[in-house]
Structures are given as C-alpha cells and as structure tokens.
Amino acid sequence: MATPPPTGSAAARSALAQKLSGVPPDYFVIKLYQMLQEQREVLTWDPDGGIIIHDRQRLEATLSVYFRHNRFTSFQRQLNNFGFHKKRKPTACLSGTAAQQRKGAAYDHPLLVGQQPEAVLRLRRDARPRQPRGEASPRRSTARQRSARAP
C-alpha cells in the first residue's frame, strides 16, 4: 500500500478515504500512522499486531507535534478507545533491564496481528455508548434520588 499524504488536511483524508473503501480514517489513527513513520526511535510497529513505545518521556516530548497535548495518559486513552490493549508481559522488543522496561510499553490490537503498519488506518473508534457527565448510572442511584423516593 502506498504511503498516505503526511498532512491531516481534508484533501489528505479524502485521498485516504478513496483507498480505504470510502470511509475517511479518524484523525487519531492518521497521526498515529505518521508517528510510526517519523518517530521510529520513540514508537515502532510490532509485527505481532501493535505498537511499541520505547521511551515514554521522549514520546511525551513529541506528542505536541501531532496533537494538541503532550500528555501520555491522553494518548493512552485514545489507544484504548481504538481497541488497543497494553501488553502485560515484556516482549522481546522491550527486553532489557527493569528500568528500560519501565520507560516503555507495548500495546496490541487483535485486528492488527500479522498486518502491516498501514492497517492502523482502518481502525475505528470503539462504539461504546457514553453517558453524559452528571447523570447517574441506571444501575445505581444517588443518595439524593433515594431520599426523593422515600415516603
């Protein structure tokens, strides 16, 4: 597959949509793909179907180039929203001392096993229903709701 245009412009998204059966990729996966291409000393593709972060601090330093933030936790939340899961056991790519392993992390995705890095562009955000802030879960009631129902 040819390398997509490096910008997140509407024209670039449209060109990618043509290649990916008409559905434009999400902004996050475009930027993740660009990072995989440009920041290889910080973030690399795992042939087992995921990504490897070699140094969290260096990643945080480069996040602001691609996103409007530089927080690793926000990046990690986006990975989770797109179906990535943190690997629990160290992989061969993360082998080394315990201190080196703490600096990095590995995330895998079940749909990316045996795929090329371009497969990231086909990922879509998980469609979990989100609850608006301030509303109580239907399974739980707040003390205020219980007292309003009390006789």
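Here are some notes:
- Within segment 41-50, being touching a residue at least 40 places away in the same chain (Cβ under 8 Å), surrounded by 19 or more Cβ atoms within 10 Å (Cβ to Cβ) and touching an Asp or Glu at 6+ places or on another chain (Cβ under 8 Å) holds for Asp46, Gly50.
- Matching residues in segment 22-38 - criterion: being surrounded by fewer than 19 Cβ atoms within 10 Å (Cβ to Cβ) and not in a helix (DSSP H, G or I): Gly22, Val23, Pro24, Asp26
To keep it simple, each residue is scored yes or no on (1) open to solvent by 40 Å² or more (accessible area, probe 1.4 Å); (2) among the charged types (D, E, K, R); (3) modelled with pLDDT of 85 or more.
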position: Phe75; (1), (2), (3): no, no, yes
position: Arg88; (1), (2), (3): yes, yes, no
position: Leu94; (1), (2), (3): no, no, no
position: Gln100; (1), (2), (3): yes, no, no
position: Val120; (1), (2), (3): no, no, yes
position: Gly134; (1), (2), (3): yes, no, no
position: Ala143; (1), (2), (3): yes, no, no
position: Arg146; (1), (2), (3): yes, yes, no
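The values are calculated or read from the model by the stated rules, or taken from the named source; none is laboratory data. Everything quoted here is computed from the prediction, not taken from an experiment. For neighbour counting, all protein chains shown are included, and Cβ atoms are generated from backbone atoms with ideal geometry for every residue, glycine included. SASA here: full protein model, heavy atoms, side chains in, ligands and nucleic acids out. Shrake-Rupley method; radii C 1.70, N 1.55, O 1.52, S 1.80 Å.
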